[in-house]
Amino acid sequence: MPDSRIITTPGAAEENTMTFTSTRVSPRPTAALRSVDVAGIAWPVYKLEALALGSFVFVVTLVIAGSLHAAVLAGATIAVAAWWTLLLTELHPTRPASPRQAAGSQ
């Protein structure tokens, strides 16, 4: 997101306020998320997985409980929990705790 700053000169009237946008790119590295092309739009895989899981829980709860209220609540709860969990695991993959674990069992 570009930086937007308002610059004012001391003692200047309100009509002398100037706004500008910087084209600087953030030096912070960003994680490359796995994505799938859906109708020309790149969707992160974790979002599609969360939506699929939420839909599955919705249908199963609707069939078992027969209550639309319970199905919507269960599906939405699981979708949101999966959305955040999968996002965090995508951004911060687990690393071996020790060099021994990285080498595997011998």
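The values are calculated or read from the model by the stated rules, or taken from the named source; none is laboratory data. Note that this is a predicted model, so its numbers are computed, not measured. Cβ atoms come from the backbone with ideal geometry, glycine included; neighbour counts cover every protein chain shown. Keep in mind that these areas ignore ligands, DNA and RNA; they rest on the heavy atoms of the full protein, side chains included. Shrake-Rupley method; radii C 1.70, N 1.55, O 1.52, S 1.80 Å.
Along the range 69-84 the Karplus relation, 6.51 cos²θ - 1.76 cosθ + 1.60 evaluated at θ = phi - 60°, assigns HN-Hα couplings of 4, 5, 5, 5, 5, 5, x, 5, 4, 5, 4, 5, 4, 5, 4, 6 Hz to successive residues, with x for each Gly and Pro. In this simple spin-label approximation, A42 and S55 carry label points 7 Å from Cα along the Cα→Cβ vector, and these lie 2.3 nm apart.
Considering only protein heavy atoms and a probe of 1.4 Å, how much of the accessible area of the range 33-91 is carbon and sulfur, as a whole percent?
Carbon plus sulfur share of accessible area: 77 percent.
For A50, what is the net charge nearby, where nearby means another residue's Cβ is under 15 Å from its Cβ and Lys, Arg count +1, Asp, Glu -1? In short, 0.
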